[in-house]
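**Q** Provided herewith is a single structure, encoded as structure tokens, for subsequent inquiry.
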Amino acid sequence: MYRTHTNGELRLEQINTQVTLAGWVQRSRDLGGMTFIDLRDRYGITQLAFNMEENADLCEQARKLGREFVIQVEGTVIERSSKNKNIPTGEIEIKVSKLTTLNAAKTPPFTIEDDTDGGEELRAQYRYLDLRRNPVQQKIRLRNKVALETRKYLDSQDFLDVETPYLIKSTPEGARDFIVPSRMNPGEFYALPQSPQTFKQLLMVSGFDRYYQIVKCFRDEDLRADRQPEFTQIDCEMAFVEQEDILQTFEGMIKHLFAEVRGIQFDYTFPRITYAEALEKYGSDKPDIRFGMEFVDLTELTKGKGFPVFDSAETILAINAEGANNYTRKQIDALTDWVKRPQIGATGLVYLRYNEDGTLKSSVDKFYSEEELAKWAEKTNAKPGDLVLLLCGNTDKVRKQMNELRLFMGTELGLRDPNVFKPLWVLDFPLLEWDEENDRYHAMHHPFTSPKPEDFHLINTDPGKVRANAYDLAINGVEIGGGSIRIHDRQLQAQMFDLLGFTPEEAQEQFGFLMNAFEFGAPPHGGLAFGLDRLVASMGGSDSIRDYIAFPKNNRGRDVMIDAPSALNSTQLKELNIAVSMENH
Ligand code: ASP
């Protein structure tokens, strides 16, 4: 037996027990006649004690051990003279009688401690060592717990876990596909699924009624902190449901997860907001509602008063940064530079200070009277001590800019506590989205999403106005999941493809399998998918999904540990009938 106990297990109750332990050398300390070693495994750390006087050979042997050596020891559990209250095993130590080195280790390129000295790139290259660190292990364990509780909840609700294939035909979810060449079918390619969307719908046609899968999805798109080329969804679909059934089922799941994993009880129904209202109030379809600071439209009060910048703007928006009146001139200048950066692109920033003495001071005093400024203050609900910030421009743009400013001020004012969670359903997304570049409509969610029946009459005359039965769940400003009620009628699905610019032949070629299935008795159905990586990161109070993935890719889509992607050798290429050209590079 390699070990009788783990390194997180032994307590005073086991005093005088003979034990065998195994693990990694975390650290060793020589104190004159004694040598102490911290032995680590996934479960914790146990202190090993070697006494020079009692057993010089063994002690010498212990002194030669380097960091991260894998060892096995036999010994007796004894009470420690100086106890360490910070760890659960801190009251005992092992008086070692036998030591075996199971494997030596080179000095690790960074310290395997909670706070490491290793840079990101180095840690990524040696991810297997980074994964030994306790904070990283905690994150992977959190992920395991979320996945496990997801399965428990969905199982209790009669969902069946059904696997769907990875080698498929393109499913449009708005990104590029990853492509896999087929050796057996020269010149033909599979696409890796951007999601199992069409398969889960087919499972509803097959009568499975409630499906889920914790599944990898692949999207070839530019990466950010919250995106990976391969990521994991909790993918779900239900038959004979309306939107309300879905919202309730999955609100239940999120509540279950927070209760079981974080001990957080949501004893209220998650608030809901329409997409239109979310844009109007927050300039975002995933608002962070941990704090207010909602947009106030000041166009009427500010336009046409002789201030040229406002006079020529379509919309003038304000937020009230409560309590930020103490911002110095310098801070406001820095804020102005911040909103003018190309990433945000505002033309400038106007402010209104509501001073503690009740006076109002604005950067555009020249153009507005005291009474006019008082009206701004009233409309934005400003009080003495507040700072009102105004941006102007084209409505869509100024909303986006104000969203950035609002989030920035929220962070600055400490209103975005990572341990406070505010879920929000966003409903009634538009069915279509205009693509300026290609001069055509795209499905905002995906082409299988059903239009709202009450908007359907607009489908040919004003398609951009048609709302969909589509919904997202946002938590703290992060889109955690989304879905829709699907089209289950062949005719309507064909019409949708037509609207999206597919010829009937193209639609048949790409999605004939789905439309044909709809002719054999397709039940009304709908579903959604949660991004597991984002959900876990959010529950862990972090923005970066990478930390919650055991082997993530970097922001160039590379796995620097295994060095992928990489070139293929000529034999492989030949077998696949592929010639590589770097023409577009
Ligand atoms: N397949 C969709 C997605 O990946 C989710 C859904 O509509 O169920 O976003």
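Every number here is computed from the coordinates shown, using simple stated rules; none is lab data. Everything numeric in this text was worked out from a predicted model, so none of it was measured. Glycine also receives a Cβ, built like all others from the backbone with ideal geometry; neighbour counts cover every protein chain displayed.
**Q** Could you list the chymotrypsin sites (Phe, Trp or Tyr not before Pro) in the stretch 1-85 that lie in coil according to DSSP, counting only those with at most 14 other Cβ atoms within 10 Å of their Cβ? Don't skip to the end; give the middle numbers.
**A** Values: sites: Tyr2, Trp24, Phe36, Tyr43, Phe50, Phe69; in loops: Tyr2, Tyr43, Phe69.
The qualifying sites are Tyr2, Tyr43.
**Q** Using the Cα centre as the reference, give the magnitude of the dipole from point charges on the C-beta atoms of the stretch 264-359 (Lys, Arg: +1; Asp, Glu: -1; all else neutral), rounded to the nearest 20 debye.
**A** Values: 11 positive and 15 negative charges, 68 e Å.
Here the stretch 264-359 has a charge dipole of around 320 debye.
**Q** Want the number for Ser581 to Glu519: 0.36 nm per residue separation, take away the alpha-carbon distance, what's left?
**A** Numbers: separation 62, 0.36 × 62 = 22.32 nm, distance 4.34 nm.
Extending this stretch completely gives an extra 18.0 nm.
**Q** Under 20 Å from the Cα of Lys95, which aspartates and glutamates turn up, not counting those fewer than eight places away in the same chain?
**A** Excluding near neighbours in sequence, the set is Glu9, Glu13, Asp30, Asp38, Asp41, Glu53, Glu54, Asp57, Glu60, Glu74, Glu79.
**Q** Can you find, among Thr315, Phe199, Leu298, the residue sitting farthest towards the positive end of the charge dipole of the chain, where Lys and Arg contribute +1 and Asp and Glu -1 at Cβ?
**A** The one lying farthest along the dipole's positive direction is Phe199.
**Q** Which entries of Lys281/Lys400; Lys340/Lys400; Lys85/Lys139; Lys400/Lys452; Lys340/Lys465 have Cα-Cα distances beyond 20 Å here?
**A** On the way: Lys281/Lys400 11 Å; Lys340/Lys400 13 Å; Lys85/Lys139 24 Å; Lys400/Lys452 26 Å; Lys340/Lys465 32 Å.
Exceeds cut-off: Lys85/Lys139; Lys400/Lys452; Lys340/Lys465.
**Q** Moving on to the next point. In Å, the Kirkwood hydrodynamic radius of the stretch 1-92 over pairs of distinct alpha carbons? Present the calculation step by step, with values, prior to reporting the outcome.
**A** On the way: mean 1/r = 0.0755 Å⁻¹.
One over the average 1/r among Cα pairs gives 13.2 Å for the stretch 1-92.
**Q** Have a look at Ala507, Ile480, Val536 and report the one farthest towards the positive end of the charge dipole of the stretch 434-585, computed about the Cα centre with Cβ charges (Lys/Arg +1, Asp/Glu -1).
**A** Result: Val536, furthest along the dipole toward the positive end.
**Q** Let me ask you something else. Hand me the GluC sites (Glu not before Pro) from the stretch 516-585 located in a DSSP loop with no more than 10 other Cβ atoms within 10 Å, in residue order please.
**A** Numbers: sites: Glu519, Glu575, Glu583; in loops: Glu583.
Passing both the DSSP loop test and the Cβ count: Glu583.
**Q** Mind giving me the nanometre distance, one decimal, between the label points for Glu454 and Asp220, set 7 Å out from Cα along Cα→Cβ?
**A** Label at Glu454, label at Asp220, 4.3 nm between them.
**Q** Here is a further query. Would you give the gap between the C-alpha center of the stretch 309-343 and the C-alpha center of the stretch 195-246, rounded to a whole Å?
**A** 41
**Q** Could you give the size of the charge dipole of the chain about its Cα centre, using +1 on the Cβ of each K and R and -1 on the Cβ of each D and E, expressed in debye and rounded to the nearest 20?
**A** The calculated dipole for the chain is roughly 1800 debye.
**Q** Within straight cross-link reach of Lys303, meaning Cα distance under 12 Å, which aspartates and glutamates are found once same-chain residues fewer than 8 apart are removed?
**A** Qualifying aspartates and glutamates at Cα under 12 Å: Asp311, Glu314, Glu372.
**Q** Now a separate question. Compute the Cα gyration tensor for the stretch 113-225, then decide on rounded, prolate or oblate, letting a ≥ b ≥ c be the square roots of its eigenvalues: rounded whenever a/c is under 1.5, prolate when a/b is larger than b/c in the other cases, and oblate in all that remain.
**A** Working: a/c = 2.92, a/b = 1.34, b/c = 2.18.
Since a/c reaches 1.5 but b/c is at least a/b, the shape of the stretch 113-225 is classed as oblate.
**Q** I would also like to ask the following. Using DSSP H assignments, which helices in the chain have an axial alpha-carbon span of 18 Å or above and a mean Kyte-Doolittle hydropathy of -0.5 or higher? Provide the component values of the computation, followed by the final result.
**A** On the way: long enough: 134-156 (32 Å, -1.07); 243-257 (21 Å, -0.29); 395-412 (25 Å, -0.98).
Taking the DSSP H segments of the chain (at least 18 Å long, mean hydropathy at least -0.5), we get 243-257.
**Q** Further question: Hand me the GluC sites (Glu not before Pro) from the stretch 411-450 located in a DSSP loop with no more than 12 other Cβ atoms within 10 Å, in residue order please.
**A** On the way: sites: Glu412, Glu433, Glu436, Glu437; in loops: Glu436, Glu437.
Those satisfying the criteria are Glu436, Glu437.
**Q** Rounded to the nearest 500, what is the chain's calculated 222 nm mean residue ellipticity when only DSSP H runs of at least 4 contribute -39500 (n - 2.57) each, over all residues? Spell out each step's value before the answer.
**A** Numbers: 16 runs with 159 residues, N = 585.
It lands at -8000 deg cm²/dmol.
**Q** Lys/Arg Cβ at +1, Asp/Glu Cβ at -1, dipole of the chain taken about the Cα centre: which of Gln137, Gly526, Trp376 is farthest positive-ward?
**A** Result: Gln137.
**Q** Related question: Can you compute the charge dipole magnitude of the stretch 139-291 about its Cα centre, using +1 on each Lys and Arg Cβ and -1 on each Asp and Glu Cβ, nothing else charged? Give it in debye, rounded to the nearest 20. Walk me through the intermediate numbers first.
**A** Working: 21 positive and 26 negative charges, 142 e Å.
Charge dipole, the stretch 139-291, about its Cα centre: 680 debye, nearest 20.
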